[in-house]
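Undergrad: So that we are looking at the same thing, I have put the structure below in structure tokens.
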Amino acid sequence: MSPFILKVFSVAMAAATVPMGLTAIGRNGHREPHPAAMTVTLVPGPITYPLPGEFLRNGRPQANLRLRRQFHEPIEIMTYQVSVSDYADCVSAGGCQPAQETRAIPSNAPVTGVSYLDANAYAQWYSEVTGDDWRLPSDEEWAFAAAERFAGEFEGVENDASNPARRWLTSYKAEVDLNRKPDPLPRSRGSFGVNSQGLADFSGNVWEWTSTCYVRTTLAVDGSVASSVDNCGVHVLEGLHRAYMSNFVSDGKSGGCAVGTPPDNLGFRLVRDHSGWASRILGGLGIV
């Protein structure tokens, strides 16, 4: 990349970061009342983690394969989950459906009672308001951002070809051992502290939607992947443990959990995707 392009890209990066509390400028050129989100930009690096989904060999459940992935670009992600008041702005503007949360919770608590479809609607609206490209993180990005607070699938799950129920039982015991309270009330932002990346409330009492689809993978005898089928009607949620939920479900306890113990609350945070606006800027200059 030439020095000129690097300079243009650096200027664009700086312009894209609007401090909390300032008025953002939308694509229509008008000033918008919605403040830009507080974010943390993660330095590129490697991650090794268990892939999401179901893994079968000879028709029997297997432990999830572990993947090593190298992120080559920074990841800018919201410091906090999208709040009740943030989401209410989208509802007021007609960009989102009301959250299906019936309890009285603080306006600065994470919004809950939102489905995957709701989270995507908010991302689309917020992108229009700020002029940037916002989206749900992938499961890999979420795991990288969560760092030491990432749990994924339960570890220590036993596989016994003569007793397939053993894997389910050990997984269930691992969930019980968490001893988490049922149906905890969402708390104000920051209540679950900050991780080593400077990001708040990972693996608290709100599970977060990701953009990753549920996948059923068939393994060959040697453990390699023989085939896989994506089900994008179900998406991965991450939190105190990994979960899978149908896209339209907004309450994890309503019976819509595709696999495992249901999450207590469903919420989300977003990633700012610089590739979209960077390409637009460079394209407008005739560079790409």
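The values are calculated or read from the model by the stated rules, or taken from the named source; none is laboratory data. None of these values were measured; they are calculated from a predicted model. All Cβ positions, even for glycine, are placed from backbone atoms using ideal geometry, and neighbour counts span all protein chains on display.
Undergrad: Could you look through region 214-254, keep only residues that are assigned to a strand (DSSP E or B) and among the small types (G, A, S), and pick out the one that is farthest from A99 (Cα to Cα)?
TA: Per the criteria, the residue is A226.
Undergrad: Follow-up. Kindly provide the set of residues from region 199-244 that are touching a Pro at 6+ places or on another chain (Cβ under 8 Å) and aromatic (F, W, Y), ordered by number.
TA: W207, Y214, Y244
Undergrad: Tell me, which residue of region 216-242 that is in contact (Cβ under 8 Å) with a residue 40 or more places away in the chain and closer than 30 Å to D201 by Cα is surrounded by the fewest Cβ atoms within 10 Å (Cβ to Cβ)?
TA: Checked region 216-242; the qualifying residue surrounded by the fewest Cβ atoms within 10 Å (Cβ to Cβ) is R216.
Undergrad: If you take just the helices (runs of 4 or more DSSP H) that sit entirely in region 87-196, which of them hold at least 1 residues that are within 29 Å of L51 (Cβ to Cβ) and modelled with pLDDT of 95 or more?
TA: Once the helices (runs of 4 or more DSSP H) in region 87-196 are filtered for at least 1 residues that are within 29 Å of L51 (Cβ to Cβ) and modelled with pLDDT of 95 or more, what remains is 116-130, 139-146.
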